[in-house]
Amino acid sequence: MLTLRWVGGPGGYLSLLDQTLLPARVKYLRIRELSVVIDAIRRLAVRGAP
């Protein structure tokens with residue numbers, strides 16, 4: 001299970017695993033804006049811990 005990956009070329013998006021839903025549910029966020037990435041980090045949707 002990948003935590004994050006880039007999908008597509010220059011017009012693509014960041015696919016980010018929403019870790020707040022684990023282990024009950026697996027959901028990937030499609031992010032195209034830096035402000036949304038920052039918000040995901042702040043609300044701990046993605047983190048460095050396993």
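Run the quick spin-label model on Leu29 and Ser15: label points 7 Å from Cα toward the beta carbon, then report their separation in nm to one decimal.
That separation, rounded to one decimal, is 1.7 nm.
At a Förster radius of 30 Å, what calculated FRET efficiency corresponds to the Cβ-Cβ distance of Arg47 and Trp6, to the nearest 0.05? Numbers along the way, then the final one.
Working: r = 19 Å, r/R0 = 0.64.
That pair, Arg47 with Trp6, gives E of 0.95.
Taking each pair of different alpha-carbon atoms in the chain once, compute 1/r for the pair, average those values, and report the inverse of that mean as the Kirkwood hydrodynamic radius in Å to one decimal.
Taking the inverse mean of 1/r over all distinct Cα pairs, the chain comes out at 11.2 Å.
Return the loop-located trypsin sites (Lys or Arg not before Pro) in the stretch 1-32 (DSSP other than H, G, I, E, B) with at most 16 other Cβ atoms within 10 Å of their own Cβ; answer none if there are none.
Arg25, Lys27, Arg32
Read-outs: derived from the displayed coordinates by stated rules, not from any lab. The structure presented is a predicted model; accordingly, all values stated were derived computationally and were not measured. Because the Cβ atoms are built from the backbone with ideal geometry, glycine has one as well, and the counts that use them run over all protein chains shown.
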